[in-house]
Amino acid sequence: MKRLIYPGPEEISAALGRPSAANRDIDSTVREILAMVRSEGDAALRQLSRRFDGYAPASFKVDEETIYQASAIVVPELREAMQEALSNITAFHSAQLTGSEPVMTADGVKCWSRDMPIEKVGLYIPGGTAPLFSTVLMLAIPARLAGCRDIIICTPPGRDGRVNPLILCAASLAGVTDIYAVGGAQAIAAMAYGTESIPSVYKIFGPGNSYVTRAKELVQLEGTAIDMPAGPSELLVIADESANPLFVAADLLSQAEHGTDSQVIMLTDSKIIVDQVEAELKKQAALLDRNSIARQSLENSSLILLDTIDECLDVSNRYAPEHLILATADPQRHAAAVVNAGSVFLGNFSSESTGDYMTGPNHTLPTGGYARSYSGLSTASFMKKIFFQEVTAEGIMKIGPATELMAGAEMLSGHMNAVSVRLKFLEDEQNRSTGKA
Ligand SMILES: [Zn+2]
């Protein structure tokens, strides 16, 4: 890990540069995969699965018996842990569901909005080096709470053709049973276009490798929505003298083990903390199972000594980290100064890993500086709002003249006329009734 003692602004910018973006060489491969699945459906999926996963099932859909058996072989303690996570994630996400009260914007003009679930959503769960069954919970729970009608999961099988039982168990706990054993860019294509066995969806969620990410970007251009731009994981820790170096080092390493392109940064106003965290990192890194991954990502990473914690907060806000830990004596006060971050952890006992599994907020978060403009996943990600307005005769008399004026100024005489005919109608009606009187 690089060590920067009172660096200048340019040195800071260089240290906070994100590892280079996914290479574009894969573009033609991904385009070819999308085109194949679009034109040949299941036959293409089978061919591609054989090539990339080493296995092509007769039927992509995982049958109910397999899902049931998978849950039974997961050790009870782990199943209970999943249940505990499920209950916390459900509690946090339920609170996001709020109704909308009608608003009278003018006399006779009533407006309201209705949250409608996206009818069909697809969740992508990667296989590979670690089975991310926690992501199943993080995607499926808000989808269910939002009320999505059709929720499907695509996830690659192992070389033996089986989907990881932990993924199946988490899916069934979260109430999703439409699971397809297909991965990679071809899975994204299947969910975007639909095949004989896999239904198409309106929005695709979930992490993946650079092929999956590129496939999501490409299908988005064709009209299938996606959750957010994906990139390597990040953690920024702001630590003052009150921080526990043992905890800080453990947190930095926990995030560094995600992938070789992960980035972790520590900002501090204490020289002692820099020395102590550095020593702890050396000690703890050797003990990690994913030691070689963590070591590589630490090369993109820095320990930075600055003058004050306020300066640390400034730098953090410019960087806009996916995860931010405030290991300071007054984390509440510092949290109030956070402007850009995906998810914030306050105080010495809030480890970032508790947020990955248990605390309740979503762990699908904006990376790569997108925290400046994007939020993490919530029930809103699985919904859209429909607006309603009801204008009475009284209402059109109130807002009609201003509407006519604005439409006329925009040279849209048709728009103006649609109001004018109504105002004229009401005027005539009034004349008739006063004439009679
Ligand atoms: Zn993590």
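At a glance:
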item	result
Mean accessible surface per residue for region 284-358, computed with a 1.4 Å probe while every protein chain stays in place, in Å²	44
Those residues of region 260-284 whose amide nitrogen sits under 20 Å from the label point placed on residue 333, 7 Å along Cα→Cβ	267-271, 273
Coarse-grained scattering of the chain at q = 0.06 Å⁻¹, given as base-10 log I(q)/I(0) from a Debye sum over alpha-carbon atoms	-0.35
Solvent-accessible area per residue for region 392-436 (1.4 angstrom probe, square angstrom)	78
Loop sites in region 168-273: GluC sites (Glu not before Pro), DSSP, at most 16 other Cβ within 10 Å	196, 222, 241
Accessible surface, region 1-134, averaged per residue in Å² (probe 1.4 Å)	59
Structure-based [θ]222 nm, the chain - -39500 (n - 2.57) summed over DSSP H runs of at least 4, per residue, nearest 500	-14500 deg cm²/dmol
Angstrom value of the Kirkwood radius, inverse mean 1/r, which spans all Cα pairs in region 392-436	11.0
Residue order for 271, 216, 282 - accessible surface, 1.4 angstrom probe, largest first	282, 271, 216
Separation between Cα centres of region 1-75 and region 181-205, rounded to whole Å	13
Sequence of 387, 52, 60, 247 when ordered by accessible area, the most exposed leading, probe 1.4 angstrom	387, 52, 247, 60
Region 76-121 and region 390-405: distance between their alpha carbon centers, rounded to Å	34
Accessible area of the chain belonging to carbon and sulfur atoms, whole % at 1.4 Å probe	54
Residues listed by number, region 303-322, amide nitrogen under 19 Å from residue 242 label point at 7 Å toward C-beta	306-314
5 angstrom amide H check on residue 329, placed H, neighbours 5+ away	240, 242
With DNA, RNA and ligands ignored, accessible area of residue 4 (1.4 Å probe; Å², nearest 10)	20
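The values are calculated or read from the model by the stated rules, or taken from the named source; none is laboratory data. Values in this document were obtained by computation on a predicted structure and should not be read as measured data. We place every Cβ from the backbone using ideal geometry, glycine too, and count neighbours over all the protein chains shown. These area figures cover heavy atoms from the full protein model, side chains too; ligands, DNA and RNA do not enter into them. Shrake-Rupley method; radii C 1.70, N 1.55, O 1.52, S 1.80 Å.
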